[in-house]
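Asks: Quick one: structure below, then a few questions.
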């Protein structure tokens, strides 16, 4: 298992110190638009906690696991960026445990005027029956909320996970993980 995890970290560059590069590299390269096709929903699961703190980093000084950056954009089906979209993230730690009593590895943020977001976090672990994944709720200007999950690329457990959807695999650019959420056009700002 450790050998597989190490190979994953090397293949996606997650263990690289470049993970904490500036936002400049993200701003210089736009994501490839996937307009028209809305991001598929997935189940919330039993571990969501409302009222998470607003923050762009879920990392605390005591966390020693591999770190990563998730960058992306929220757009509508017509490729228009959604400024001020709410993204609420939650995940397990590197050992597959969720904090169900507090807000460890939980937080929300809003997209900038270009619909962009950036999250610094840990690489999630596996737990029985599930491949590593991130949970997220995304809400634009309308009342509709997209609840979905995001998956690490090339992880050996992806295909055996009962919820895995290849449309929800994170892309890579250097050491960053990428995702573009597409909401219905009525959510445009």
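None of the figures in this text is laboratory data; all of them are computed from the coordinates on show. Small disclaimer: the values here were computed from a predicted structure and weren't measured. Glycine gets a Cβ as well: all are built from the backbone with ideal geometry, and neighbour counts include every protein chain shown.
Asks: Using mean Cβ contacts within 10 Å as the protection proxy, how do 166-174, 101-109 order, highest first?
Replies: The peptides rank, most packed first, as 101-109, 166-174.
Asks: For residue 44 and residue 113, calculate 0.36 nm times their separation in residues minus their Cα-Cα distance, and state this gained length in nm to one decimal.
Replies: That works out to 22.1 nm of additional length.
Asks: Grab the eigenvalues of the alpha-carbon gyration tensor for the range 41-107, scale each by 5, take roots, and send me the semi-axes largest first in whole angstrom.
Replies: 25, 15, 12
Asks: Let me ask you something else. How long is the gain from residue 100 to residue 120 if the chain were fully straight, where each residue apart is worth 0.36 nm and the alpha carbon distance is subtracted?
Replies: Answer, rounded to one decimal: 5.2 nm.
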